[in-house]
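FYI, it's all coordinate maths here, none of it is from the lab. Just so you know, these numbers come straight off a predicted model, no measurement behind them. Because the Cβ atoms are built from the backbone with ideal geometry, glycine has one as well, and the counts that use them run over all protein chains shown.
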Amino acid sequence: MSVAERVPTTQYLTYRLGEETFALDIGKVREVRDFTGVMKVPRTPAYMRGVINLRGSVVPVADLRLKFGMPQTENTKDTCVIITEVTVDGETLVLGALADSVQEVLDLDAGHIEPAPKIGAKLRTDFIKGMGKHGDRFIIILDIDRVFSADEIALAEESAPTARTVWEAGLAKAAA
C-alpha cells in the first residue's frame, strides 16, 4: 500500500457513561483526573456540577450523563474528570467532563467510523462525530465542540470568576 492509499488513523480516549462507550478525539483531551468533588456554583444548570481547582485555575465541570438525559454520575472509585478543550465561536474553554470510568486510548481509522445516525428532523445529533466500530461493539464518538451551545459555554465561563471569588474567600477565612 502506498502512502497515498493509507487510511488516516485518529486516536480516541474511550470512556463509559452508564452502559454506553463514548470517545473523544485525544487532541481535545488535556488530562484525566480522579473525581474528588466539585464546588457547586449557584444558579447554573443541573448538568453543570460545579468547578474544580486545577493547579490554580478554576475549571467548570459538566456531568455528561445529565447533559444527555441520563441519571446523575455517581461518585465511585472509577469516576473521573476528563479535562478537555472546548472551542465554540472561536473561543476555547477548558472544561471538565465527568465520566463513570475511562477505558483506553484507541486508534480508529476512517474505515471503522460510520456517520452519526439520522434519528429524525427534531432530534439533534450534530454533536456526534460518528459511530466507531471496535471489535463487535460500537463507540459513540463525540464532537466536544458541539456538545455544548455557545450560550452554555458562556454560562460556564461566567461561573468561573464567581466561583474563584467564593473559593478565595473561603481560603482566606480558613487561613485566618
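Could you pull out the GluC sites (Glu not before Pro) across the stretch 74-109 that fall in loop regions by DSSP (anything but H, G, I, E, B) with no more than 16 other Cβ atoms inside 10 Å? Please list the in-between numbers first.
On the way: sites: 74, 85, 91, 104; in loops: 74.
Of the GluC sites (Glu not before Pro), the ones in loops of the stretch 74-109 whose Cβ has at most 16 other Cβ atoms within 10 Å are 74.
What does the charge count near residue 34 come to, summing +1 for each Lys or Arg and -1 for each Asp or Glu among other residues with Cβ under 14 Å from its Cβ? Net charge around residue 34: -1. Amide hydrogen proximity for residue 54: with H placed 1.01 Å from N in the peptide plane, the residues at 5 or more positions away or on another chain lying under 5 Å are 59.
Pairs exceeding 32 Å between alpha-carbon atoms, taken from 40/129; 28/118; 77/118: 77/118.
Take the Cα of residue 55, step 7 Å toward its Cβ, do the same at residue 149, and the gap between the two points is 3.4 nm.
Label positions at residue 39 and residue 16, each projected 7 Å from the Cα along the C-beta direction, are separated by 3.2 nm.
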